[in-house]
Amino acid sequence: MSAVVDLHLHTLASDGRLTPTELVRLAAGRGLKTIAITDHDTTDGLAEAFDAAREFPGLRVIPGIELSADVPGDEVHVLGYFIDPGDPELQAELSRFRAGRVDRARTMVEKLAQVGVHLDWERVQHFAGDGAVGRPHVAMAMVEAGYCREPKDAFPEYLGRNGLAYVERVKLTPEGAVGMIRRAGGVAALAHPAYMNDMESGIANLAGSGLSGMEVYYAKYGDDTVRQLGRLARQYRLIPCGGSDYHGMGNSDELPPGEAGPPVESVELLEAAADAARGKR
Ligand code: AMP
Ligand code: ZN
Ligand code: FE
Ligand code: FE
């Protein structure tokens with residue numbers, strides 16, 4: 001545990017396993033001072049999280065989101081902070097993405113059957129509940145049915161980009177994701193840059209498209225990677241962000257909220273950037 005800020009957390013509203021209330025209590029109990037809830041393609045967990053945070057005056061909850069975008073041969077995730085969850089255009093886009101997620105997950109279940117992995121769609125739906133369905137829910141159904149030991153084991157062979165059952169998502173470019181976030185009054189940050197095939201050119205390409213920050217502190221990144229990302233953030237004048245990307249999914253290598261995160265100044269810079277951008281509109 002090294003951080004008091006964690007700007008990357010998932011709840012049951014997408015593919016996390018804790019309710020927003022449970023996550024807020026866990027974060028407060030771990031001594032966090034600022035957290036952002038960044039569910040995939042939904043802001044549905046935010047209201048409950050804000051409500052739960054009233055129990056903890058020392059904890060601030062920032063509205064966030066994580067959008068998935070594609071570039072040729074690779075996937076890029078873009079985080080948004082200080083977005084207005086009440087923005088109708090944002091919500092219309094998110095609804096469209098979530099509907100696409102249902103079609104995608106169904107197609108994955110069909111493709112899995114073709115390679116001998118037989119799942120009941122109802123079990124995937126069960127794990128997703130009312131939340132935005134994602135590959136981790138398919139992976140959980142695979143664990144339950146005995147095809148793998150933990151959710152992450154389903155990715156290399158089946159659900160990952162080069163896996164047998166991979167299905168493309170609704171098309172969104174990283175620049176499109178940044179634009180969506182900005183139009184909703186927020187600021188955008190590149191998520192887990194070191195997962196990109198070519199991190200340096202990926203950052204360089206996006207830095208000029210309205211991006212405000214990038215993740216530097218990430219629970220699974222070692223010191224060398226964090227230092228390298230810190231240098232790139234300075235080079236491209238991006239606010240250093242980060243967090244645990246906690247899901248609570250039951251993977252043995254998962255690290256808890258607060259395991260990594262940026263300094264408090266980064267939150268101030270993000271908020272100032274969001275205020276400045278809103279003032280300009
Ligand atoms: P989706 O939103 O359906 O594309 O699923 C993306 C989510 O799947 C990520 O946010 C992670 O939670 C999870 N994920 C992606 N790749 C892996 C992997 N190799 N191992 C474990 N989880 C993964
Ligand atoms: Zn996720
Ligand atoms: Fe991500
Ligand atoms: Fe995430």
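What follows draws every value from the coordinates through simple rules; no lab data is involved. A quick note: this is a predicted structure, and the numbers were derived from the prediction, not measured. Reconstructed Cβ throughout: ideal geometry from the backbone, glycine too, with neighbour counts over all protein chains shown.
Legend: distances between Cα atoms for Lys33/Lys220; Lys171/Lys220; Lys152/Lys220; pairs beyond 23 Å are Lys171/Lys220.
Given axes a ≥ b ≥ c from the Cα gyration tensor, I'd like to know whether region 165-219 is rounded (a/c under 1.5), prolate (a/b larger than b/c) or oblate. Oblate, because a/c is 1.5 or more while a/b does not exceed b/c.
Taken along the Cα-to-beta-carbon direction at a fixed 7 Å, the label points for Val167 and His126 span 2.0 nm.
How much FRET efficiency would the formula 1/(1 + (r/R0)^6) give for Tyr195 and Glu22, where r is the Cβ-Cβ distance and R0 is 30 Å, rounded to 0.05?
About 0.65, to the nearest 0.05.
Highest mean packing comes first when the peptides 186-192, 220-226 are listed by Cβ atoms within 10 Å, giving 186-192, 220-226. Ellipticity at 222 nm from helices only: DSSP H runs of n ≥ 4 in the chain, each -39500 (n - 2.57), divided by the residue count, give -12500 deg cm²/dmol. Arranged from fewest to most other beta-carbon atoms within 10 Å of their beta carbon, Leu94, Leu206 become Leu94, Leu206. I'd like to verify something in the chain: which complete DSSP H helices, judged by Cα projection on the helix axis, reach 24 Å or more and average at least -1.0 on the Kyte-Doolittle scale? Span-like helices in the chain: 88-114, 264-280.
Restricting region 106-213 to chymotrypsin sites (Phe, Trp or Tyr not before Pro) that sit in a DSSP loop and have at most 14 other Cβ atoms within 10 Å of their own Cβ leaves nothing. For GluC sites (Glu not before Pro), the sites in region 1-99 that DSSP calls loop and that have at most 13 other Cβ atoms within 10 Å are Glu55.
Normalised by the number of residues in the chain, the mean separation of alpha-carbon contacts (under 8 Å, six or more apart) gives a relative contact order of 24 percent.
Could you please rank His8, His137, placing first whichever residue has the fewest other Cβ atoms within 10 Å of its Cβ?
In order of increasing Cβ crowding within 10 Å: His137, His8.
Assuming charge only on the beta carbon of Lys and Arg (+1) and of Asp and Glu (-1), the dipole of the chain about its Cα centre is about 440 debye to the nearest 20. Distance from the C-alpha centroid of region 89-123 to that of region 30-56: 26 Å, rounded to the whole angstrom. In plain terms, the chain from Thr225 to Asp74 could stretch by 52.4 nm, reckoned as 0.36 nm per residue minus the Cα-Cα distance. Put in line by how crowded their Cβ is, counting other Cβ atoms within 10 Å and starting with the fewest, Met108, Met199 read Met199, Met108.
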